[in-house]
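**Q** Let me give you the structure first, and then I'll get to my questions.
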Amino acid sequence: MLRTHTCGQLGTGDIGKKVILSGWVSSIRDHGNIIFFDLRDRYGITQIVCNLPALKPEILELVKKVRQEFVLKISGTVVARSPETVNPKIPTGTIEIILEELEILNVSEPLPFEIQESKNINENTRLKYRYLDLRRQQLKENIVFRSDFISRIREFFFKEGFVEIETPVLTKSTPEGARDFLVPSRLNPGSFYALPQSPQLFKQILMISGFDRYYQIARCFRDEDLRSDRQPEFTQIDVEMSFVEENDIMDISERMIKYAIEKTTDIKISIPFPRLTYEEAINRFGTDKPDTRFGMEIIELSEALADSGSNILQSILDSGGVIKGLIIQQGENISIKDVDNLNEFVKQRGGKGIGWMRFRENEVVSPLRKSLKEVVIEKIKKISGISPGSLLLFLGGKNQWVCETLGEIRLHIGTKLNLIDESLFNFLWVVDFPLFEFNQEEQRIQCVHHPFTSPKKQDIENLEKQPLAAKSRAYDLVLNGSEIGGGSIRIHDRKLQERIFSILNMKPEEYNEKFGFLLEALGFGAPPHGGIAFGLDRLVMILRKEDSIRETIAFPKTQKGVCPLSGAPGIVDERQLRELYIKVDFKPKE
Ligand code: ASP
């Protein structure tokens, strides 16, 4: 027998028992005649006491050989720790085991880093030795939490009558706004599969097949530049339902989130979640993923600053711009230097600079003080929220730009002044998105979500005439300022789907080649349907209060898309390439 108990199991109730434990030596403390081992497994840590003079000679020999991360099987007796040595930080902290027998099950090379410190070391090294990194308790708990969380999600969907269906990984492009990963087909020379950016088209086809309620814990692949909360492959909780409207999807989503979170954490979730329209979100928070854990919302100042006496401000308003601002209550904590930095930031974003006014007991300080009329200053002083000590920051220009820039400044100041209550989990929906947006760089119209998103009924007629005015039936779920889910009611009418492709500047040959199978399926009695997908990695990251999704994925990739553990991606040999009819025209730099 290799163990009678795990290393996280024993307590005062077990005192006097003879036990066998197996695990890794996480630390060794040598006190001369007594050596302590901390023995660790997935479940916890137990202190082993080696009382050297009392050991059999062959066991004593073995004890002396033990090093960190050796794998041991020990036998001994559970005893109470003396009161001054009780460790309240660990569940087994009231007991220890007096070692009697010892077997070294395996040895370990000297470690490349201290396991408990691994979070702070160079990421490449950490991921190269991911098996050691994964021995760290917190990371291990994240992965176990993830598994519990997924099983609660499955439980919820099962109770609600959903069918879990796997969709292909070798497929055709499913556009979600990123580049595809391609896989050459040996059996079809010159042809490529794309890895799915999401199961979008298959889940819609499953609705056409009559499955009614689908979900999948689905792996998705997007070849894009990576940031701390992005990975080239990631996991979505993917959902699709038939005969539904927006409210049906939002309702099931809220109940699923509440169920899974409340079953796995102490967090209480109240539903329904608040809803904001896209326009409100932009105007109040400057982003479509507002962090509502603190206030400091954007305020409108165009009216208060009309006819102010300042030529600069007047010219902004005369050219159809707006002036908006932020009131910082603890304005004295923002120094002149901070304001200078914000000014630089605004200039980098293409603006002229930031305006400001400091309100003190008996004075108002501002670079514009001299040019502003007294009545205007008096008007501004009366704006609710402004009081002695406040700092008012303001910007002028086109509304979207002004709001987005202030939105970034709001987040920056919120973090700097510690205004964010980290104990909150603020969910909210953003709805009424525009259907299309104009991509300035590429000078073309593109979808805000994906091209299968339905426009609002009232906008269908004028789609071609005013595409940028059309709103969509999409909804995004935001948690603490991160987008953690998004979906929409879909187009189930073939003609309308073709019109959307045309507005996106696709010729019939192109959309038929790419999406002919969907268009054809839509022609065979597609039911009204809609769905949503949630980013599992990001959701787990926020719930575990981590700052990178790599802390929630067992084998993540680096920012360069590399897996230092396996060495992927790697060079393949000539023969493999020949079989695929592929020639590589690239020589890596020496
Ligand atoms: N397929 C979408 C995405 O991956 C989600 C959805 O519309 O259901 O973002």
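We did not get these values from a lab; they are worked out from the coordinates using the rules stated. All values reported here derive from a predicted model rather than from experimental measurement. Note that each Cβ is placed from the backbone with ideal geometry, even for glycine, and that neighbours are counted across all protein chains shown.
**Q** Once R0 is set to 60 Å, what does the formula 1/(1 + (r/R0)^6) return for the Cβ-Cβ distance between residue 347 and residue 107, expressed as a FRET efficiency to the nearest 0.05?
**A** Working: r = 60 Å, r/R0 = 1.00.
With R0 = 60 Å, the Cβ-Cβ based efficiency is 0.50.
**Q** Could you tell me which of the pairs 347/465; 172/560; 172/507; 416/545 are separated by over 27 angstrom between their Cα atoms in the structure shown?
**A** On the way: 347/465 35 Å; 172/560 25 Å; 172/507 18 Å; 416/545 19 Å.
Exceeds cut-off: 347/465.
**Q** Which of the lysines could a cross-linker span from residue 73 if the Cα-Cα distance has to be under 26 Å and same-chain partners fewer than 8 positions apart are dropped?
**A** Filter leaves 17, 18, 56, 64, 65, 89, 140.
**Q** Now for a different question. Please identify every one of the trypsin sites (Lys or Arg not before Pro) in segment 319-381 that sits in a loop by DSSP and has no more than 16 other beta carbons within 10 Å of its own beta carbon.
**A** Those that pass, being in a loop and sparsely packed, are 349, 352, 360, 369, 370, 373.
**Q** Which residues' amide hydrogens lie under 5 Å from the amide hydrogen of residue 193, considering only partners 5 or more residues apart or on another chain, with H built in the peptide plane?
**A** Amide H neighbours of residue 193, under 5 Å, 5+ apart: 183, 185.
**Q** From the alpha carbon gyration tensor of segment 144-292, can you work out the equivalent ellipsoid semi-axes (sqrt of 5 times each eigenvalue) and give them in Å, largest to smallest? All intermediate terms of the calculation are to be shown ahead of the outcome.
**A** Values: eigenvalues 172, 90, 58 Å².
Over the Cα atoms of segment 144-292, the ellipsoid semi-axes are 29, 21, 17 Å.
**Q** Follow-up question, since we're still on this one. What size of dipole, in debye to the nearest 20, comes out for the chain about its Cα centre when the only charges are +1 on Lys and Arg C-beta atoms and -1 on Asp and Glu C-beta atoms?
**A** On the way: 80 positive and 85 negative charges, 143 e Å.
Approximately 680 debye in magnitude.
**Q** With a cut-off of at most 12 other beta carbons within 10 Å, and DSSP calling the residue loop, which trypsin sites (Lys or Arg not before Pro) in segment 507-583 qualify? Please list them.
**A** Values: sites: 514, 538, 544, 545, 550, 557, 560, 575, 578, 583; in loops: 544, 545, 557, 560, 583.
Those that pass, being in a loop and sparsely packed, are 545, 560, 583.
**Q** I would also like to ask the following. Decide, for the chain, between rounded, prolate and oblate: order the square roots of the alpha carbon gyration tensor eigenvalues as a ≥ b ≥ c, take rounded if a/c falls under 1.5, and otherwise choose prolate if a/b is larger than b/c, else oblate. Display every interim value, and only then the final one.
**A** Details: a/c = 2.16, a/b = 1.38, b/c = 1.57.
Judged from the Cα gyration tensor, the chain comes out oblate (a/c at least 1.5, b/c at or above a/b).
**Q** Separation of segment 427-469 and segment 325-401 by C-alpha centroid, Å?
**A** 35 Å
**Q** Let me ask something else. Given a Förster radius of 51 Å and the C-beta distance between residue 416 and residue 166 as r, what FRET efficiency does 1/(1 + (r/R0)^6) yield to the nearest 0.05?
**A** 0.65
**Q** Given the Cα-Cα distance of residue 183 and residue 457 and 0.36 nm per residue of separation, how much length would full extension add, in nm?
**A** Details: separation 274, 0.36 × 274 = 98.64 nm, distance 3.91 nm.
Working it through step by step, the gained length comes to 94.7 nm.
**Q** Something else about it: Run through segment 352-429 and list the GluC sites (Glu not before Pro) located in a DSSP loop whose Cβ has at most 14 other Cβ atoms within 10 Å.
**A** Values: sites: 361, 363, 374, 378, 404, 408, 422; in loops: 361, 363, 422.
Passing both the DSSP loop test and the Cβ count: 361, 363, 422.
**Q** Farthest toward the dipole's positive end in segment 28-169, which of 113, 90, 44, given Cβ charges of +1 (Lys, Arg) and -1 (Asp, Glu) about the Cα centre?
**A** So the residue we want is 113.
**Q** Take the alpha carbon gyration tensor of segment 313-398, find the square roots of its eigenvalues, order them as a ≥ b ≥ c, and report rounded if a/c is under 1.5; if not, report prolate when a/b exceeds b/c, else oblate.
**A** oblate
**Q** Follow-up. Where in segment 474-500 does the amide nitrogen come within less than 18 Å of the point 7 Å from the Cα of residue 251, taken along Cα to Cβ?
**A** It comes to 475, 488-490, nothing else.
**Q** To make sure I understand the rule: partners must be aspartates and glutamates, Cα under 17 Å from the Cα of residue 324, and not fewer than 8 residues away in the same chain. Which ones qualify?
**A** Within reach: 279, 280, 297, 300, 303, 307, 404, 408.
**Q** OK, next. What helices in the chain pass both tests, a Cα length along the helix axis of 30 Å or more and a mean Kyte hydropathy of 1.0 or higher, using whole DSSP H runs?
**A** Working: long enough: 137-159 (33 Å, -0.37).
Sorted by number, there is nothing, because no helix extends far enough and scores high enough.
**Q** Kirkwood hydrodynamic radius of segment 11-114 from all distinct Cα pairs, in Å? Please list the in-between numbers first.
**A** Working: mean 1/r = 0.0720 Å⁻¹.
That comes to 13.9 Å for segment 11-114.
**Q** Under 13 Å between alpha carbons, and skipping anything fewer than 8 positions from residue 456 in its own chain: which aspartates and glutamates qualify?
**A** Hits, sequence-local ones excluded: 245, 246, 432.
**Q** Another question, then. With label points built 7 Å along Cα→Cβ from the Cα atoms of residue 217 and residue 381, find their separation and express it in nm.
**A** Here the answer is 6.2 nm between the modelled labels.
**Q** With the contact rule set at Cα under 8 Å and sequence spacing of 6 or more, what percent relative contact order holds for segment 1-82? The partial results should precede the final answer.
**A** On the way: 146 pairs, mean separation 30.4, N = 82.
Computed value for segment 1-82: 37 percent relative contact order.
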